[in-house]
Each structure stands twice: as C-alpha cells, then as structure tokens.
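First the structure, in the form of structure tokens, and then the observations on it.
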Amino acid sequence: MSKQNLILKADDLSKRYEDGVLALDHLNLEVRAGEVYCLLGANGAGKTTTINLFLNFIPPTTGTCYINGVDVTKDPLEAKKYVAFVSENVMLYGNFTARQNLDFFAKLGGKTALSKDAYYQVMRRVSLQEKAFEQRVKTFSKGMRQKLGISIAIIKDAPAILLDEPTSGLDPKAAEEFLEILQELKSEGKAILMSTHDIFRAKEIGDRVGIMKEGRLVLERTREELQFEDLVKIYIDYMKSEPLTA
Amino acid sequence: MLTAIIKKEIAANLLSYKFFIVILLMTLLLFTSFFVLYKDYKGRQADYELVRAKPGEPIAVLPPNPLSIFAKGLDEAMTRSFEISPIGINVRTGQKSGNAVFAFFPAPDFVYVVKVVLSLVALLFGFDQVSRERENGVLRLMLSNSVSRATVLAGKWLGNFLSLAVPFVLVTLLGFALMNLNSGLRFGPSGTGRFLLLVAIALVYTGLFLSLGIFISALTRRSASTLVILLLIWTLLVFVLPNLGTLVARQIVDVPSVKALNEKRTQIWTREILLQIGEQKAVNFRGDGAIRKRHLEAINNQLNALEADYRMKFDRLVRLTKTINRLSPAAGFAYAVTELAGTGIDEESRLKSEVIRYKDGVLLEMDRGVKEHPAFVYRYRTVGRVLAEGGLFDLAWLTIALILFFALGFVAFVRYDVR
C-alpha cells in the first residue's frame with residue numbers, strides 16, 4: 001500500500017497520566033485507506049487512550065498523531081475534519097428525533113445543506129427502521145443508537161473512522177449488522193481504526209489486528225497471517241503472560 | 001457552526017419539561033408580582049390623596065412612585081408625610097402597604113423575582129451544560145468534530161441565554177403593557193426608559209448566573225456535584241453575603257439607635273424649656289416672647305446638629321454596608337435597579353436632605369409670620385445622574401462579573417477532560 005493512502009498514523013506515541021500511570025508506551029501504528037485495523041486488549045491496555053489521542057481529547061506525553069497527514073496536536077481542528085467517531089455507548093440528545101440528531105451532528109461535521117431525504121437515506125443504509133427516523137432517541141435501544149452513531153459517521157464522510165468498542169453490549173444480530181456496515185465503509189476506502197474486546201469479530205473484519213498490553217502494541221498480524229494462526233490462543237497467551245514491567 | 005449549536009440548545013430547551021416548568025413558574029411569579037404590587041400601588045395612591053398637602057400647608061409628602069411596582073425599594077419610607085412645625089419635623093406613616101403579609105415576606109416585586117428566582121433558574125440552565133454532557137458522552141461526540149471549544153461554549157451560553165431571556169422579556173413587557181392600559185397609571189417616556197433599563201440590567205444579572213453555572217459545570221465531573229456546589233454559591237451570593245455585609249458594617253461604624261436619638265431630643269427639649277422658664281422667672285416674665293423664640297431657636301439648632309451628626313454616621317454605615325454588600329451581585333443588582341427606579345437608598349437620602357432644607361425654609365417663614373407656605377417639590381434624579389452616582393458602577397460590576405465568569409468558564413472548559 002502506498003504512502004499516499006496513509007490516513008491514520010501514530011508515531012512513537014506515549015501517554016503518561018498525571019497520576020504517573022503510563023497508559024501508552026511508544027505506540028507506532030498506521031492505518032491506510034480501505035483498511036480496517038482492530039486493536040485488541042484487556043481493559044486498561046491503552047486502546048481507548050489511543051483513540052482519545054487521535055481525537056485530541058488528551059495531549060500526548062511524547063510522539064505525534066497524524067490524521068490525513070495533519071498533526072493532531074498542532075492543528076486539531078483541521079485534523080478533525082478528516083475523522084468521524086463512534087463511541088462504545090452512543091448517547092445522543094434524547095429529546096431530539098433521530099433525524100434531528102443527525103442534522104445537528106452533520107452540521108458540526110461541516111455538512112450544512114442536507115435535505116431530509118439525505119438523512120433518511122443514510123438511516124436506511126444502516127438499516128434503522130423507517131418508523132424510528134422521527135422518533136425521539138430516548139426511546140431507542142442500544143443497537144438503534146449505535147446505528148444512528150454510525151449514520152453520523154457516514155454523513156460526515158470523513159476518510160477516517162475511529163470506533164471505540166462499538167459492538168460492546170450489542171446482541172449478535174445487531175453486532176453482525178454493524179460489521180456489515182463497516183465492511184461497506186471499508187470498501188468505500190475509509191480507514192477504520194476500531195478498538196474491541198471481540199476477538200472473533202476482529203478476526204472477521206480486521207485487515208490487521210494489533211494486540212495491546214500495558215500500553216504497548218505487543219503483536220500485529222495481517223489477515224493473511226491470521227489464516228494460519230489461532231488469534232484466540234495468541235491473545236489469551238499474551239493476556240496470561242508476565243507483566244511487561246515485571 | 002455557532003448558529004447550529006445555538007439552535008440546538010434552544011431546541012433542546014424547548015423540548016424539555018424543565019424548560020416549560022421553569023417558564024410557567026417565572027410567568028406565574030412575574031404576573032402575580034405585577035398584580036399584587038399594582039394593587040398595592042393603587043392603594044397607596046388612594047392614601048396619598050387623603051394625606052397630600054393642601055395649598056399653603058407645610059407638609060412634604062410624595063405620591064407613590066409608579067416604578068415601585070417593579071422595584072419597591074424604599075418607596076414606602078419615601079412617601080411618608082413629613083409635617084413641618086416650629087418644633088421640627090413630625091414624620092407620619094404615610095402611604096403604607098395595606099397588605100400585612102409584606103411585613104413577613106419581602107415584597108415580591110420584579111427585583112425580588114429576578115434577584116432570587118431568575119438567578120436560580122439561570123443556574124439550573126447552566127449547571128448541566130458541561131458535566132452532564134460529559135457524563136452521557138455527547139460532549140466527546142461533539143468535540144470529535146472540527147469545532148473549537150470556544151465555539152461550543154459560546155453556543156451553549158447564547159442558546160441558553162436566549163431560551164431564558166426571550167420568554168422573560170416577553171412576559172415582562174406584556175405585564176408592563178397591560179399596566180399601561182390602565183388610565184390611572186402612566187409611566188411616561190422617562191418611566192418607560194427607566195423600566196427598559198431595569199430589564200436590561202436584569203438580563204445582565206441573569207447572564208452572570210448562567211456564566212457562573214457553566215463555569216462550575218466545567219470545573220466538575222459530575223452534574224450532581226455541580227448542582228450542589230451551585231446551590232451553595234447561590235445561597236451565599238443571594239442571601240448570606242448581603243446580610244453579612246450589614247452585620248460587619250454595624251460592627252465597624254457605631255450609629256446610635258433611634259431610641260437613643262429620641263432620648264437626646266427629649267433631653268434637649270427639657271433642658272431648654274427649663275432654662276427658658278428660669279430666665280422668664282428672673283425677668284418676671286417680661287420679654288416673654290423674645291426668650292421663648294431664642295430657646296426655640298436653640299432647640300432647633302441643637303436638634304439640627306444632632307440630626308446632622310446622626311445622618312453623617314448613618315450615611316457612613318450605609319456607604320460601608322453597600323461597599324461590603326457589593327461583593328454579592330445580588331446586592332449590586334438591587335442597588336442599581338432601585339436607584340434607577342427612584343426607590344433606592346441614595347434617592348431616599350437625597351429626599352431627606354430636601355425635606356430638611358424645606359423645613360429650614362418653612363421655619364424662617366414662620367418666624368416672619370407667614371402662614372401660607374410653598375408646596376414641597378421634589379424632583380427625582382435623572383437617569384444620567386443616577387448612573388454617575390453609583391448606578392454605572394453597579395452595572396459595570398455586574399457586566400465585569402458576567403465576563404469574568406464566562407472567561408473562567410472558558411479556561412476551565414479548554415482544560416476540561418471530556419473522557
């Protein structure tokens with residue numbers, strides 16, 4: 001894959017919190033256009049910290065994040081033009097309808113002149129039921145909210161999508177539907193970085209899978225490599241292994 | 001982007017129960033206040049017609065101020081009847097409110113509603129703007145876009161301010177317009193101008209509390225903590241500080257009590273009368289009139305000196321109390337609006353000085369044997385003068401506090417951990 005296609009890049013990225021905890025330790029990671037990168041790891045491994053650093057929610061201690069070639073720390077507003085975000089538990093404005101939420105976040109994402117039909121089209125694409133389009137979001141199930149969350153990401157039409165454990169808590173059908181949408185986005189050339197606990201789905205959708213432990217990226221495998229390896233066994237072995245700092 | 005956030009905040013408020021309950025409460029309170037105070041004003045006006053000076057009578061009495069419907073302040077004290085006699089000023093109760101409940105509770109005027117209720121409502125609008133949105137994760141989603149925190153904060157402030165200010169202004173103006181329909185009540189251009197200024201200051205005061213709410217929200221992680229902290233600060237600013245200032249000032253400036261003052265007055269009278277009787281006896285009651293006149297003059301001079309000394313100390317106490325109380329925006333707001341309405345402390349003090357001047361003039365005329373005295377005329381200070389004599393300071397202080405809290409909120413929000 002060429003350098004031109006590089007959308008997300010973490011360059012020697014470290015984060016030490018004020019309480020002294022080293023959440024991320026010299027992470028180097030690249031995600032290209034049309035690629036899904038799955039970050040696996042236990043709680044506290046540094047997956048969410050990585051996403052938070054890409055979104056400039058926290059400043060790095062050392063290193064740099066780039067989105068579409070833009071240094072996130074130096075020019076966060078420019079960098080955020082090229083990224084969409086879906087969190088573990090998409091919580092929107094409960095008193096707004098699905099369309100109103102979509103409209104607001106589309107405007108924040110720079111899409112100011114979209115029609116009602118355009119919103120409906122996106123919601124249809126993620127298989128949100130028609131009757132839910134004009135329903136208040138506070139009545140939505142988690143699966144419906146996640147679908148609306150990915151609609152927000154789709155409508156922004158950014159080259160990169162960051163997903164923080166998006167299928168956590170979803171029933172198998174909803175999770176499967178969610179991954180189908182991700183496959184479509186991948187085929188459209190989006191660079192997708194997804195943190196997850198779900199080894200099976202990571203293997204299913206990930207072009208590359210990285211395993212994080214104590215803030216370090218301890219292993220990285222491509223889809224091709226994983227055809228001959230047991231990801232579950234590798235993951236469990238890493239989790240059971242001695243602490244890296246020991 | 002800013003417009004989108006403002007619209008979103010307004011729409012979110014319009015769709016929430018909180019908004020409707022708050023607006024209903026505010027409307028109810030303002031209309032109740034206007035109705036009660038309007039009836040009170042009409043009652044006091046009827047009283048004034050009974051006690052007003054007849055041509056030639058040396059009585060200083062003002063009609064009730066129409067703006068006292070909104071800012072009652074010291075209007076009851078100012079509309080007392082001051083009867084001038086050779087022995088000094090006799091203060092009558094004047095046009096007192098017929099509603100005995102006012103003795104137990106502060107008059108629920110526009111100033112009170114804004115000072116206490118609207119400030120609390122503004123805090124309720126501001127308290128969850130940052131911490132609640134962090135808790136439910138919306139803040140992360142919002143800030144994952146290419147929108148600066150300054151824009152988000154400004155949008156939140158403006159959206160919530162408009163949600164609060166527009167219904168408040170509409171309800172207040174409607175109340176004012178309805179009162180203007182009554183033939184017995186005319187505010188005139190000056191009164192209308194002053195009223196609009198009151199509303200403008202009320203908006204600054206409301207904006208200040210909204211800024212404070214957002215500032216504390218940007219300092220805390222949980223909206224429940226924000227609410228508790230804000231309720232404490234609100235109680236401190238609206239109730240504790242103004243009363244504390246009064247207590248502290250009393251400890252610093254020693255002002256004799258009214259009872260002690262009356263005691264001294266009696267002493268002066270007794271001493272001079274006894275001296276007069278002694279002198280009259282010594283001359284076998286010849287030249288009786290001249291002796292009495294001399295002693296009456298002496299009494300008047302001593303009472304004036306006593307009064308002047310008391311007023312000097314009292315004015316010092318008032319100045320110090322006002323200075324300390326100004327730490328609270330609620331006090332600054334109350335001073336600014338009551339002075340503009342013509343029912344404030346400075347206006348009352350000026351009226352008393354005018355009454356004393358009137359008394360001196362009347363006594364001179366009495367000496368010359370004049371029976372018919374000119375009517376007492378009092379002109380309220382102009383808006384320009386009120387602003388120059390402290391009103392502008394209070395308004396500037398409220399504006400600075402608003403900007404300061406917003407700036408602090410901005411700094412806190414820029415540093416806020418949205419995770």
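Bear in mind that the values in this text are calculations on the coordinates, not laboratory data. What you see is a predicted model; the values in this text were computed from it and never measured. Glycine gets a Cβ as well: all are built from the backbone with ideal geometry, and neighbour counts include every protein chain shown.
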Pick out which of B:Q129, B:Q267, B:Q302 has the largest mean-square fluctuation in a Gaussian network model of chain B, springs linking Cα atoms closer than 10 Å. B:Q267
Using the beta-carbon distance between B:A305 and B:I233 and R0 = 45 Å, what value does 1/(1 + (r/R0)^6) give for FRET efficiency, to the nearest 0.05? 0.45
May I ask for log10 I(q)/I(0) of region A:26-149 at q = 0.16, 0.17, 0.23 Å⁻¹, from a Debye sum over the Cα atoms as equal point scatterers with solvent left out? -0.94, -1.01, -1.30
What is the projected area of the convex hull of the Cα atoms of chain B, averaged over all directions, in nm²? 23.9
Student exercise, the protein assembly as shown dipole from Lys, Arg, Asp, Glu Cβ charges, in Debye to nearest 20: 1880
Angstrom value of the Kirkwood radius, inverse mean 1/r, which spans all Cα pairs in chain A: 18.5
Protection proxy (average C-beta count within 10 Å per residue), highest first, orders B:166-178, B:31-43 as B:31-43, B:166-178
Per-residue mean of other chain beta-carbon atoms within 10 angstrom of the beta-carbon, peptide A:161-169? 0
Scattering from the C-alpha atoms of region B:138-283 alone, worked out with Debye: what is log10 I(q)/I(0) at q = 0.09, 0.21 1/Å? -0.63, -1.26
Per residue of A:186-199, other chain Cβ atoms within 10 Å number on average 0
Dipole magnitude of chain B about its Cα centre (Cβ charges: Lys, Arg +1; Asp, Glu -1), debye to nearest 20: 540
Highest mean first, how do B:347-359, A:13-25 rank when packing is the count of other Cβ atoms within 10 Å averaged over residues? B:347-359, A:13-25
Taking every alpha carbon pair in region B:320-419, what does the distance histogram look like in 10 angstrom bins from 0, in percent? 13, 29, 21, 17, 10, 5, 3, 2, 0
For an R0 of 25 angstrom, estimate the FRET efficiency from the Cβ-Cβ distance between A:E130 and A:E180 and round to the nearest 0.05. 0.85
Through the Karplus equation 6.51 cos²θ - 1.76 cosθ + 1.60, θ set to phi - 60°, convert the phi angles of region A:174-181 into ³J(HN,Hα) values in whole Hz; use x for Gly and Pro. 5, 5, 5, 4, 4, 5, 4, 5
Per residue Cα convex hull volume in Å³ - calculated over region A:146-212: 84
Would you compute, from DSSP H runs of 4+ residues alone, the mean residue ellipticity of chain A at 222 nm, taking -39500 (n - 2.57) per run and dividing by the full residue count, rounded to the nearest 500? -10000 deg cm²/dmol
Within a 10 angstrom radius of each residue's Cβ in B:142-155, how many Cβ atoms of other chains show up on average? Whole number is fine. 5
Honestly region B:225-343 on the Cα gyration tensor test (a ≥ b ≥ c root eigenvalues; a/c under 1.5 rounded, otherwise a/b vs b/c for prolate or oblate) is just prolate
Checking B:M78, B:M179, B:M26 against a Gaussian network model of chain B (alpha-carbon springs below 10 Å), the top fluctuating residue turns out to be B:M179
Report, to two decimal places, the Cα Rg of region A:174-246 normalised by 2.2 N^0.38 Å (N = number of residues). 1.21
Surpassing 19 Å at the alpha-carbon level, of the pairs B:K259/B:K322; A:K147/A:K173; A:K81/A:K138, are B:K259/B:K322; A:K81/A:K138
If each of A:D117 and B:D417 carries a label point 7 Å out from its Cα toward its Cβ, how far apart are those two points in nm? 4.8
Ellipsoid equivalent to the protein assembly as shown - semi-axes via the Cα gyration tensor, in Å: 76, 26, 17
Eigenvalues of the alpha-carbon gyration tensor of region A:112-158, times 5 and square-rooted, give semi-axes in Å, largest first, of 17, 12, 9
At q = 0.13 Å⁻¹, what log₁₀ I(q)/I(0) does region A:51-113 have when each alpha carbon counts as one equal point scatterer in the Debye sum? -0.45
Find the relative contact order for chain B and round it to a whole percent, using C-alpha pairs within less than 8 Å whose residues are 6+ positions apart. 27
